[in-house]
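What follows draws every value from the coordinates through simple rules; no lab data is involved. Everything numeric in this text was worked out from a predicted model, so none of it was measured. As a convention, Cβ positions derive from the backbone with ideal geometry for all residues, glycine included, and neighbour counts pool all protein chains shown.
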Amino acid sequence: MESSALITLIHTSPFYELTALVVLAAVFGFVGMLLRQPMIVSFIAVGILAGPSVLDIVHSEEIISLLAELGIALLLFLVGLKLDLHLIRTLGVVSLATGLGQVFFTAVIGFFIGVALGLDTLTSLYVAVALTFSSTIIIVKLLSDKKEVDSLHGRIAIGFLIVQDLFVVLSMMVLSTFGIGAQEANGGALAHIASVLLYGLIMLVFVYLFIRYVADMLVERLAHSPELLITFTIGWAALLAALGSYLGFSKELGGLLAGVSLASTAYREIIVSRMAALRDFLLLFFFIALGMHLDLSLLGTQITPAIVFSLFILIGNPLIVMAIMGYMGYQKRTGFLAGLTVAQISEFSLIFMAMGLSLGHVSSESLGLVTLVGLITIAMSVYMITYSHRLYSVMEPILWIFERHSPFREVLNDHSINQSRSYDIILFGAGRYGSALAWALKAAGKHLLIVDFNPEEVKHRQKLGFDAIYGDAGDQEFIATLPLAGSECVILAMSQPTSYFSKEDQRFVLIDTLKESGYQGKIAVTVQQYDVDDQEIQKRLIEHGADMVFLPYRDAARDAVEQLEKQISKRKIS
C-alpha cells in the first residue's frame, strides 16, 4: 500500500516524476560504479524499472522526450566542434565505403538468417534493415568518455556512423511513403527525397557562409559574457537540430552541423568544457527514455531468434567492418577498434520496426524480437567498447587475416626509420602532454624521435620539424625495428582511456616488450589520471619495470606551489 501511495504521489506532478528518475539514476549509477558497470547500462536499467512494464512511474513522456532530444542535439553539437573539415575530406572515402559496405552485408546476411529462422520474407527484410542501424549517440558517448573521439579509429567510426544516419533518414522517408496511396506514394517519395537533398544542400551552403563570414566575429563578441556564450551555443545547437528535423533529415545531423559551424573558432575548447556537464545530465533522460520503451511483455517468445541475431550483430558486424577496412589498407588494430562500435543496434531500429507495425507489415512479435536484440546488443557492446583495448590484446594473434601485408593507409613509407641513426629520447604519444614534452626536450638540445598511432598527428609533427614516425606501441615487431641502441630514455606518454592498471594496459605491454628486446636505457611513464592514488600508480609501474613515473597534474601543481611560495617569500623579504 505504501509503495502504491508513493507512485500515486509521484504521478501528481511532472516535477515529482523527474525527481524520482534522477534519484533512481543516482542510486543505480552508484551501484553500477561499485560493480564496475558503465553508466549507460545503469541508466537504461532505470528506464526499464520506471517504464510501463515495471513500476510505471513516468506519465510525462513528452517532457522526458524533450529533454532527451535536447541532450542528443548537444551531444552531436560537441562532436561537431571536434570535427576537422580537412579530416572529413581525407576520411570521406573510407567512411563511405565502410558505412555502405557494412549496411549492405549486414542487411543481406541478416535477411538470410531471418528466413532460416522461419520468418516470412517481408518480416525478414524489415529485421535485416533494422539490424543495419548502429546507435550514434551511445557510440559517441562511449568514445567521448574514453577520450577516443579524436583517435584515428574514433574519427573513422564517426564518419561511417554519419553515413549510417543518412541511410536511416532515407529508409524512414521511403517507408513513410507506404502510408499513402500507391500512385501518390511514388510521386511523393521522389518529390520528398528531392526536396530533402535540396534543403540539405542549402543548409550546407548556409553553414559554410556562417563559418566563412560570421562565426569568428560573432563568437568573439559573445565570449565577453560567458553566460551569453553558453546560452547562444545551446540555442544554436537546438536551432539547427530543429531545422534539420523540419527540413527532413535528423536532429542529430542538424546538431552536428551546428558544432561544425563553430569548430574553427578560437573558443571551441571553452565551449566544450562548459557544455560537457549539461550534455551528460540531459543524456541521462535519453537513456532513460530508451529503457522505458523496451516492452518486456513482447520479449518472452523471441529469446532463441534474438540470441542468434544478437550474436550476428556482436560478432558479425565487427568482422564485416574489419574486413572492409583491412582491404582498404588499414591495420588490424584500427579495424578492430572501429569495428566494435557497430556491435549493437540503434534506437532507430525500434522506431523502424514500429513504423512497419503501424503499416501492418510486421507483427508485434517482430517488434519484440528487435527490442530484445537491442537490449542484448546495447548492453554487451557497451562493455566491448569500454574494454576494447583489453579485447584487442586477447584477440590480436588471430586478427592477422584482417590486415594487408602492407597496410598502406597507415604506413608512411616516405619517412621510414634510419636504423643507423641514434636518438637521445624516443617519445611514444604526441598528444597534449607528449607535445609539450617534445618541445621542452627539443629546447634542451635532445635528439628526439616521436612515435604515434595517428598518421595525421605524425604528419603534423613532421611539418613542425620533428622526426616522427607512425607506429603501434602494442606491436612487438614494430618495436624491434626502432633504433633503441644508444637511446638514453624511452618516454611512454600515450593517453590511456581507461582508469584501470593491469597487464593489458598498453604501457605495461610496451615496458615488457622493451625489456624483452634487451633495451638498457631508462623507461619513463606518464600517468594522466588525477583521481587515483599517486603512490599506488608509481608502485605498480615501477614494480613492472618503469624507472620514472610522471604525474603531469600533480607535478604541475607542486611546481605552481613552489613558485607561489618563492614569490611570497620575496615579497616578505622586500
Query raised in the report: With axes computed from alpha carbons, what is the tilt in degrees of helix 85-116 against the longest principal axis of the chain, rounded to the nearest 10 within 0 to 90?
Result: 50
Requested in this report: Of the listed pairs 539/566; 442/463; 442/570; 446/539; 459/539; 442/522, which have alpha-carbon separations greater than 24 Å here?
Outcome: 539/566; 442/570; 446/539; 459/539
Report task. Between residue 109 and residue 273, take the C-beta separation as r, use R0 = 51 Å, and let me know the FRET efficiency to the nearest 0.05. Result -> 0.75
Report task. Would you work out if segment 229-351 is rounded, prolate or oblate? Take a ≥ b ≥ c from the square roots of the eigenvalues of the alpha-carbon gyration tensor; rounded if a/c is under 1.5, else prolate when a/b is larger than b/c, oblate otherwise. Result -> oblate
Query raised in the report: For residue 23 and residue 197 in one chain, what is 0.36 nm times their gap in residues minus the Cα-Cα distance, to one decimal in nm?
Result: 58.3 nm
Report task. Between residue 383 and residue 396, with labels modelled 7 Å along Cα→Cβ, what's the label distance in nm to one decimal, could you check? Result -> 2.3
Requested in this report: Treat each spin label as a single point 7 Å out from the Cα along the C-beta direction, and report the residue 301 to residue 234 distance in nm.
Outcome: 4.7
Query raised in the report: Using a ≥ b ≥ c from the Cα gyration tensor of segment 302-427 (square roots of the eigenvalues), is it rounded, prolate or oblate, where a/c under 1.5 gives rounded and otherwise the larger of a/b and b/c decides, a/b for prolate?
Result: prolate
Requested in this report: Give me the distance in nm between label points sitting 7 Å out from Cα along the Cα-to-Cβ direction at residue 405 and residue 440, one decimal.
Outcome: 4.5
Query raised in the report: In deg cm²/dmol and to the nearest 500, what is the mean residue ellipticity at 222 nm of the chain if only DSSP H runs of at least 4 residues count, each as -39500 (n - 2.57), divided by the residue total?
Result: -21500 deg cm²/dmol
Report summary line: Relative to the chain, whose Cα atoms define the longest principal axis, helix 268-292 and its Cα axis are tilted in degrees, nearest 10, by 40
Report summary line: The rounded separation in angstrom of the Cα centers of segment 258-293 and segment 296-348 is 26
Query raised in the report: Can you sort 213, 470, 553 so the residue with the fewest Cβ neighbours within 10 Å comes first?
Result: 213, 553, 470
Query raised in the report: So what is the relative contact order of the chain, in percent, for Cα pairs below 8 Å that sit 6 or more residues apart?
Result: 15
Report summary line: FRET efficiency for residue 488 and residue 220 from the Cβ-Cβ distance with R0 = 41 Å, rounded to 0.05, comes out at 0.35
Query raised in the report: Kirkwood Rh, the chain, all Cα pairs: how many Å?
Result: 26.1
Query raised in the report: Can you work out the FRET efficiency for the pair residue 62 and residue 463, with r the C-beta to C-beta distance and R0 = 45 Å, to the nearest 0.05?
Result: 0.30
